[in-house]
Structure formats: structure tokens, C-alpha cells
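Below you'll find the structure, written out as C-alpha cells, and then a few comments.
The values are calculated or read from the model by the stated rules, or taken from the named source; none is laboratory data. Note that the structure is a prediction, hence the values are computed from the model and not measured. Cβ placement follows ideal geometry from the backbone for every residue including glycine, while neighbour counts extend to all protein chains displayed. Areas reflect the complete protein model, heavy atoms only, side chains present, ligands, DNA and RNA absent. Shrake-Rupley method; radii C 1.70, N 1.55, O 1.52, S 1.80 Å.
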Amino acid sequence: MVLNAMGYDESDGKITFDKDKNRICFSPPHDPLLPRKINAFQKLTKKLGGILFMSRYRSTSVHLLGGCNASSDFSCGVCNPSGQVFDPEGPATVHAGLYVCDASLIPCSVGINPSLTIATVAEYASRHLVRDVLTYKSNEGIEIPVKAVDQNPHSISDKNIESDWRSTVTFNETMEGYVGGMPCKAYLKVKMNSQDQKGKLGVKEFHPLLRGRVGGYVEFIAIEKDKLHIIDGEINLCKVECRTPYTQYMHYQLLLAASSGSRYILEGRKIMNPYLLGLYAWRETTTLHVTFKKVVENNSREDTVNLRGELCISMVQLLKSILSLEGNERGRFIRHLLHTFLRTYFLQIPRGSHKDFTLSDSYVKPYPSSTLHEIKTEDGFFISCRQWKCTQIPSRLEGPKQLNPVLLLNGHSAESYWLPTEPNDLVRTLLEEGHETWLLQPRLHPLNPSKDFTIEDIGRFDVPAAINKILELHGQHTTIHVVAHCVGGLAIHIALMGGHVSATHIASLSCTNSSMFFKLNASSMFKMWLPLVPLSMVILGKNNILPLLETSKCSFRHRLLKFIACLIPRYERCTCNECEVFAGIFGSAFWHGNVSPSMHYWLSKESTLTRLPMAAFPHIRKICKAGFIVDSNGNNKYLIHHERMALPTLYISGGRSLLVTPKTSFLANKYMKLHQPGFRHERVVVEGFGHSDLLIGEESDKKIMKKQAEFMGRVGEGEGGGYDAVVVGSGYGGSVAACRMSMAGIKVCLVEKGRRWEAQDFPTDTFKIMSAVRMEKQNLGVGFGPKDALFQVHEQNDSLAVVACGLGGGSLVNAGVMMPTPVRARRNPKWPKEWERDWENCEASAASMLRIQSVPVKFPVTKVVGEILGDGQIENSFETPLQLSMNFGLEEPASNSMEPQRVGSCLACGNCLAGCPYNAKSSTDKNYIHSAIQAGCHVKTECEVQYVIKNPYEICREEGKIERKRRRWRVYLNEIDCITADYVVLSGTFL
């Protein structure tokens, strides 16, 4: 049994580094409580019938504090109160971009478990860190991806809604969940309207009784300690959008006011689609998808907040809402609401039509001129390739520098890159960046349709022919950026892994919803397992090119197949017949809400999508059933040739899956990092997008195309891009810093030496614990035990340090005790006075994120120790009730993520110090790190940082001219591999 005691010491210990012997020397602080601690240990040992063994290391500790002490005076500390490291060469100056954010900042003993104190200090430092990074990026002219909310802080009302409503129906609604990974709860008081009005489209789509105002408040302690009161709120229980006439929305829009003076906007909607006669009706009608934004005035330097999440209403709360209905119109209100559900889910009557839209001249924009090349492939088939030359060199490119050409590969039959009706598409974006652009129109393109081909034929013949044409014009030493979508991505991987195209000719590969893997969602996979494709081929016969336009002449076989396709269920329906047929055959390819009416009209009526070649469908079916690329006979002969994929890759998936799931890009990214670690490999999941709308959506140029162009630029520059900030360590300090910066839109990389530990991986007995320990003797320079062991023991002559190693740091193996910092510690002369200005808010924010709960049970070990010591010493030793970052059976809403966290319940087993095997502990990997990943943080596990240096090539010069600025710091993982960043936050048990 290990006995550990905590108490105040004199905080006069010293840590020095002996450069000659390359070791750390430690002088322990004076501990006036040591005799009392030993006396308590002796009592416990005697009562248990054991022998007391005292460690020879006085410095043995599991809560390491100090070492990089925070101080307002540079002569008394290593860092200032914000965590910036002082520069010894310049008094009162700091190393720009170098921070410390962990327990080593705390300059004195706190006398209790310091977990909450560490997290509070990290919250304080992170606020200054975020402000510093955003200011630096603003001064450097770097665009911040998080946009300020450009709203009037006093009103968010819709001009079409009258303000003098006579509300006669009221009810209460309580929803709770997670927004940005942080707990949030809304208490709403709703008043519905009773005036007779018409809907926006001129028809009585909904009764005005389904619209109303909202009051109440929102609890979001992680953002504001006090309640956020609703000062202006509106609700529409049957909102309709012209792009999705079959879909019903319940729309909420709330303006919130905090006691601090800040204003926030919470906007959300429940989305109800007529899929399988309301199979998901309960989930859709009780889940509110929300965005939470802070209202920021123009030219304000306030921190921006832009969070997404979900709020849910439980069965109990729904019953309470029904019982709270008041007013003489409540019967009519329920009747009208149920009627909207009936119309949406069962009758499936649209509330508008796409047929009313026509493409006016104002939508047609002049498009850059192009050249069409006709190319004969090796098997004698004729394909075409369209070329756009870059006539204007961007001003950012100095000198004769010429960018690599780009080859675009479309998906099956539909155009994704060349969009004449849209102001921005990928072709225009690449031309503006300075890239010559080529668009391949292979044998599956409606302009060159073939009646007998497979995807393998495109990879073997069409793609190599297009690349050879580009090399013919630009020279054999030219490298080409390839951008592919869906089936085009399958074809380029077949071309590369089949040896038909050499990776030496490819500068980079960027794929959207495609890779060497192809994972479909459940409904699409179910359709693939059904004999729909063989049946379709039998119906079509030899004429397997399907005309899609309603005005096209069709045979009986074609009309029969189109009729069957319209009957197949799909998640989102459309009033356009061509779109319905295409979705019935492929599955829904895009979310209609992301696509402009002009794009939808052009895609369905005027684009090249007029004929659909069906010959490749049997091969596509085999690929879908296998989950990865196979040949036309279903054999796996491509994945084994990973050596042919020696090139940088970018895989992009839509976060709101329609057809292909994000697992496609996840597996591909892991495959490339495993087999080709020497190249840059990135993965992006774009929330709110499905399949083709990644490229044809209204916001695609800002959210997807920009990332593709930036990736090509990073690969072309060879700099590696780097990050805005690198956080080393993932405990109570590093996780907070990574979370807060990521949520502010800062590009962050979190580096952790250990691996990710799942609940079932933690040791539960003595033998397993011994196998989870690594001992390193610094004096001898040797170590024993696995390198990724949970416990890392570092021994020197005069000290012994035990640290945790894993994603979550010390939060994985401590007892989870969360006690407010005692006043005695905060009055210590060494305690930075600057911390006191915002200490309460930071402590409340940390407590909320760590999900602290009061202990409702008595642990067996506490009972035993209490009986031994007697006199109520255990209960009287705490000023406040004991609180832990544990879940004691309190049911929590699902977290806003693709794979919601599963939180267990504490069984009071006492295994906390070796990791919770029941997943009940709220370690930082379940809150701060989880939120950081959702906000875009890149986490690298099993990477040990060796050293950090200033970048000697921060300013890149060429022929006496400054070409561009590079990152300020280099973080080396070994002698070769490094990560560059403008800011480095050291939080990995740094002393």
C-alpha cells in the first residue's frame, strides 16, 4: 500500500541544473508538518498490521509544483503571470511566442490536491495566450478563420415579423447538451402568436400560431459564470426554405445578455426530413443543432466565440413541456403542430417547388477561355481534356516562379469544378492562385460516354493519357497537382497503386470524399447489398446510357428504371425530377441547403448531366462492398503496393455524411502516415457538408477550395506550413491551452509523449500495474519497462519523480480531487497578484469543463482511514464538501461530435490512481482535448519532444530580398523531424 500525505511547506525548495554533469539537482523545501505526517502514517501502519517503509527520497511527489515560477518580477521567477518565459539576456523582456502553461507556474505550496488550481492557472494563461496569438496574426496580416458576428447587439428580429403579437399559448421547454464540448442548458419560456398571417411563399404553409417569442435564460458556465438572460428571442416551429421544400425546420433565434455586459447569439434549428416515414422523427424533433456566437463590435479586440453543438430535450422534459401548456388556444396549437408533422413525415407534400426557378441572365458570368484537347488513350478510346492557361501572375509571386499545373478529376458524370453559374469555383480559384488548370473528361463523362467500361479502365488508360499530355507540353520533369472527387479519386489511386502513373510526376494529391478506401453510410451500403445494380443492368440491356432530362426521348426500359429510382427512399427529397432520379440511383449527393438555386437549376437542366453512363456500376458495387479499391473481378491487387504512393496527400470529408462517410478519409490518412511517413499527409472534415456540396456549395470556395489551394502552396514551398501554436503536453495545463486557442480559430498542434488510453487498457491489479511502469535511472542512463508505460519514474541521486504518460497527462492517474485554491495559498507573497483579478471566473470555467460533482458515496478506503484516525479527522479536514471530476451516475447529454463520448458511472472502486477502468473519470481527454479536436486541433500522440529552438530561417531571403516570413520556433521530435510554429506552449511536466 502506498501512503501519500499533502500539506503546506515553506516553498523554499530549489531546482538547479548542473551543466557539467548534465543533471538536475534538487534541494527540498522545509516541511514543518513532516512529523505529523509520519505520526499519521505510523498509526495507519500499526492498525493495518504492516511495516512502515519511508522512502529515502524526500522529494518524492505525485503533484509537482513550481520550477518555472510565475512572478511579476523577472528576478524572482522564470515566467510572468501570463506564462511568458522571461529572456535572461534582456531584463523585463520575454521570449516572443514561448509560453509555459502547467503546474510549474505555481510558485508556492497550496496544501491540497492542486488539480483545479492547475486548470485555473491554465485558464488564466490561455486567455492571455489567445489574445497574444490573435494580435500577432492580425499584425502580420493573417486572416483569422473565426469571423466576428456582424449583428446589431440590441436586436436580432426579422423584419417580416410583427412585434405586437397577441400570445395566447405558452409553454416551458428545457434543453441541455454540449456546445463546443462544454455543458450548456437552456430554460425557455415560449409564447405563441394567434394572428392570422400568410406564409412567405404566398400560401398558407403554416399557421401563425406556430410562431412566437421566447424568454428565459441559458446556463453556460464555461463562457459566463452567471446566467445568460434572453432579451430578445423568436421561434418558428414550421419554417420553410425554398431549397428544401420537403424539409420542416423548427427555428430558434435568441439574443443573450450577460451580467458582464457581453452579448451572445444562440441560433438553432431542428431538422425534420421525410425519410422512411418518420423513422428518425423522435431524434429530429428533440435535437436542436445550435451555433453560439459572441456579438463583437467593429474594430473591437475582444476574443471571438463561435461554437457549435446540440441541445436535446429528454422524454421527461418533453412531458413537462406538454403539461405546462397554457392558454385557450392550446388545443388548436397542438392540432396545427401535429398537422405539420403529418404533412412532413407521412403525406410528404412539398411546401414549394424548384420548378418555379429559371436561370436568368444575371447568373451567367463570363468564364475564362479554355482549350479543348482530344486525346486518344492506349486502348484506342477518345477522351477530352480542357485546359485553362493562367494569363495573370498573382502579385504575391515574385520573379519568374511558375506554379505546378493542376489536373482535376470529376466524380461520376456530374460536374464539380467547372461551374459557369457560380461566382467562385475551383477552376477560377486555381487560376487566381497562378495554377494552369486541366479538367479531364474521361469515358464516363456524358460528352464521351462509353457503353462498356469500368473504373479500372479510367485509372489504366484515361488518367495516364491526360498526365502524358500535360508532360508533353510542359516537359517530363514537371510535377502535377491532382485534385479528385468521388469516383475520380478511386481512378487516380488505381492509376498510382497499379503502376500506371508514377508518383514522381505528382506534386500532391487532394481527394474529396474518396481515397483508396470507400466507406458508405448504412443506408447506401444496404442498397449496395441488395440486387438493385444487377436488376438495373438487366432492365437497361445493351443501351445502358440513361437520359435524365424530362424532355429527353426515353425507351420503355429507361422510363421503368427512372420510375423505380424515384421510389427508392432518400434522406432529402427534391421537387426536380432529374435530381430525384439521380439521387435514387446514386443516393443523395448533396445537401440542398448548401447549394444555390442557380447551381441546382444548372446542374439538373443545363449542365453535362443529361446522360448517365451505367456501365461502371457493377465495378463500383464491388468496390463499395469491399470498402477499398479492387479490380473489375473483385480482387485486391492495389493496396499491397503502398510503395507507389510516395507523395503528399490531402483527404477531405464532409462531416454531415450523405453517401461516403468520414471513415474514408480517416483510413486513407492513417494508411499514408503508416507507409509514407516522409511526406506531408493531412485530413480535413468539414462540418455541415455532405458529398458533392463540398465542391458545388455556396460556401465551398471559403471552406474547402481555400484549403486545397493552401495545401498545394505548402507542398510547393517545401516549408511544411507549420502551426500557429504547438502545445507540448496534454495534462491540466496543456489541454486547457490547446482547447482555448483552438476554439478561437488558432491552428494548434498538441504533442503528447504517451498514447491514448481507453478505459479497458488501464491496469486493475498489481501485476498489470507493474507492467505499466517504466523506470529511468538518469545517473546510469538506462531505462526499464515499456516506453509508452502509463507511469514514468525518473530517478536521480537526490530526487524521484513519478509522472503520467498518456493523452490526458496527470488527469488519467490522479484521484480527480477538485478543491478550490485555499485563501492561505493565494495570500502567499510569492503568489502573483495579477492572477487574483480574474481568478474566480477562471476557476469556475475550469470546474465546469472538468464536470466537477460532489461525492454522493463514501469510498471504502475513506471509511477505513476514518476508523483508524478516529475523532472525525477525515470529515473535519475539509473546509468545503469533497468534489471530484467524476460521474456518479448522473446522466449527461451526448457530446457534439461524430462519435459521442461514452461516460460511465463511478463504482467507488478506488482504482482512480491507476486510471478509471469504468470510464467515469472526467480526465482532460474527455473535455478540454475533446473540445480542442472538435475545434480543429491536430493531436500527435506517441511523439516525444527532444528540444525547442528559435527558427534560424525565420526570415527567408533570396538574392537580398525578403521573400516571405516563416514560423518563429522549431519543435524537434528527433534530430530530423520538427514542427514549426509561431508560439510554443510547454506543458509536459516541465520543471
Per the C-alpha gyration tensor (a ≥ b ≥ c, the square roots of its eigenvalues), the range 455-533 is rounded if a/c is under 1.5, else prolate if a/b beats b/c, else oblate; here it's prolate
Computed over the range 96-142, Cα set: Rg, Dmax in Å = 13.8, 46
Total charge dipole magnitude, the range 555-622, about the Cα centre, Cβ charges on Lys, Arg, Asp, Glu only, Debye to nearest 20 | 340 debye
With x for Gly and Pro, the residue-by-residue ³J(HN,Hα) of the range 467-479, computed from phi through the Karplus equation 6.51 cos²θ - 1.76 cosθ + 1.60 at θ = phi - 60° and given in whole Hz, is 5, 4, 5, 5, 5, 5, 8, 10, x, 6, 8, 6, 10
Label points 7 Å out from Cα along the Cβ direction at residue 521 and residue 759: separation in nm?
-> 2.8 nm
Modelled FRET efficiency - R0 41 Å, residue 784 with residue 504, Cβ distances, 0.05 increments | 0.35
Go through 372-384, 459-471 and give me the packing order, highest mean Cβ count within 10 Å leading.
-> 459-471, 372-384
Computed D for the range 730-807, Stokes-Einstein, Kirkwood radius over alpha-carbon pairs, 4 °C, 1.567 mPa s, to the nearest µm² per second, is 90 µm²/s
Ordering of 747-755, 319-327 by burial proxy (mean other Cβ atoms within 10 Å per residue, highest first) | 747-755, 319-327
Based on the Cβ-Cβ distance from residue 679 to residue 542, what FRET efficiency comes out when R0 is 45 Å, to the nearest 0.05?
-> 0.50
Too long for a 31 Å Cα-Cα cut-off, among 673/787; 605/706; 14/940; 14/833, are 14/940
For residue 242 and residue 379, FRET efficiency with R0 = 56 Å and r from the beta-carbon atoms, rounded to 0.05?
-> 0.75
Just list whichever of 527/703; 239/293; 622/663 have alpha carbons separated by over 28 Å in the model shown.
-> 527/703
Residue-level accessible surface for residue 10, protein heavy atoms, 1.4 Å, Å² = 100 Å²
In sequence order, calculated HN-Hα J values of the range 68-77 (Karplus, 6.51, -1.76, 1.60; Hz; x Gly/Pro) | 10, 3, 8, 7, 6, 9, 5, 7, 10, x
So how do 214-223, 730-739, 271-280 stack up, highest first, on mean other-Cβ count within 10 Å?
-> 730-739, 214-223, 271-280
With 20 Å as the limit, write out which pairs from 768/926; 753/777; 37/921 have Cα-Cα distances beyond it, or answer none.
-> 768/926; 37/921
At 7 Å along the Cα-to-beta-carbon direction for both residue 840 and residue 279, put a label point, then send me their distance in nm to one decimal.
-> 5.3 nm
Taking the Cα centre of the range 681-823 as origin and charging only Cβ (+1 Lys, Arg; -1 Asp, Glu), how large is the dipole, in debye to the nearest 20?
-> 200 debye
Once phi is turned into θ = phi - 60°, what whole-Hz ³J(HN,Hα) does the Karplus curve with 6.51, -1.76 and 1.60 give for every residue of the range 701-714, x standing for Gly and Pro?
-> 5, 8, 9, 10, 4, 4, 5, 5, 5, 5, 5, 4, x, 5
